[in-house]
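The values are calculated or read from the model by the stated rules, or taken from the named source; none is laboratory data. Just so we're clear, the structure is a prediction, and the values are computed from it rather than from any experiment. Cβ: placed from backbone, ideal geometry, glycine included. Neighbour counts: every protein chain shown. These accessible areas exclude ligands, DNA and RNA; they are computed on the full protein's heavy atoms, side chains included. Shrake-Rupley method; radii C 1.70, N 1.55, O 1.52, S 1.80 Å.
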Amino acid sequence: LVLGDKMGTQKNIEEQLDNLNNTDGVRGSLVVRQDGLLIASKLNNDDINEDQVGAMTASTLGSGETASDSLQLGDVKGITVETQDGKIISMSVGSEGILTILTSAGTSIADINDSIREAGVAIADEL
C-alpha cells in the first residue's frame, strides 16, 4: 500500500478514527493493511499491542473470506466477534485496508452503524 501524501493521509485517517471514537459505545479503532501492518490507530489503551491487533484483524477477516468462498456465500462485508466486554468489528475499506472498531459491552451495531459506514467511506478515499 502506497499512501499518496503520506503525512496528510495519515492525519486524515486519524481524524476519521477520532470522529468514530467519539461515537457512544466505541472504545477505539484502527486501520491496518490487508497484510496486517498498521496504518493508523486510536485504540486509546496503552496495554493493547496495536501491531498484534492488526495482525489478528487481518487473519480473522482472511479466515472469514476463506469460509465465505468455500460456502459460496459471496464477498465478506465484515466480521464481528462478540465478547462479554464488547465487540470487535472489522470491515474492508478500499482495496487495501481493514477498519477495526472496539465497542463497549451492550453496544448495538445498529446504533453505531452510520458512524462506521461514514468512517469507512472516508478512510477508503484516503487509501
Quiz item: Can you give me the Cα centroid spacing of the stretch 1-77 and the stretch 80-110 in angstrom?
Solution: 9
Quiz item: What is the stretch 27-70's relative contact order, in percent, from Cα pairs under 8 angstrom and six or more apart in sequence?
Solution: 34
Quiz item: Among all helices in the chain defined by DSSP H, which have a length of 24 Å or more along the axis from Cα atoms plus a Kyte-Doolittle mean of at least -0.5?
Solution: 50-70, 109-126
Self-check item: Portion, in percent, of the accessible area of the chain that falls on carbon or sulfur, probe 1.4 Å
Solution: 44
Quiz item: Based on the Cβ-Cβ distance of Ser59 and Asp125, what FRET efficiency does E = 1/(1 + (r/R0)^6) give at R0 = 35 Å, to the nearest 0.05?
Solution: 0.85
Quiz item: In the calculated pair distance distribution of the stretch 79-127, what percentage of Cα-Cα distances lie above 17 Å?
Solution: 33
Quiz item: Length gain on complete extension for the stretch Glu82 to Arg33, per 0.36 nm per residue less the alpha carbon to alpha carbon distance?
Solution: 15.4 nm
Quiz item: Dipole magnitude of the stretch 1-99 about its Cα centre, charges +1 at Lys/Arg Cβ and -1 at Asp/Glu Cβ only, in debye to the nearest 20?
Solution: 140
Quiz item: Over the heavy atoms of Asp125, what accessible area does a 1.4 Å probe trace out, to the nearest 10 Å²?
Solution: 120
Quiz prompt | Relative contact order of the stretch 16-106, pairs being alpha-carbon contacts under 8 Å that are 6 or more residues apart, as % | solution = 30
Self-check item: Rounded accessible area of Lys87 (nearest 10 Å², 1.4 Å probe)
Solution: 30
Exercise. May I ask you to rank Met91, Met56 by accessible area, largest first, using a 1.4 Å probe over the protein chains only?
Key: Met56, Met91
Quiz item: Modelled label-to-label distance, Gln10 and Asp114, 7 Å Cα→beta-carbon offset: nm?
Solution: 3.3
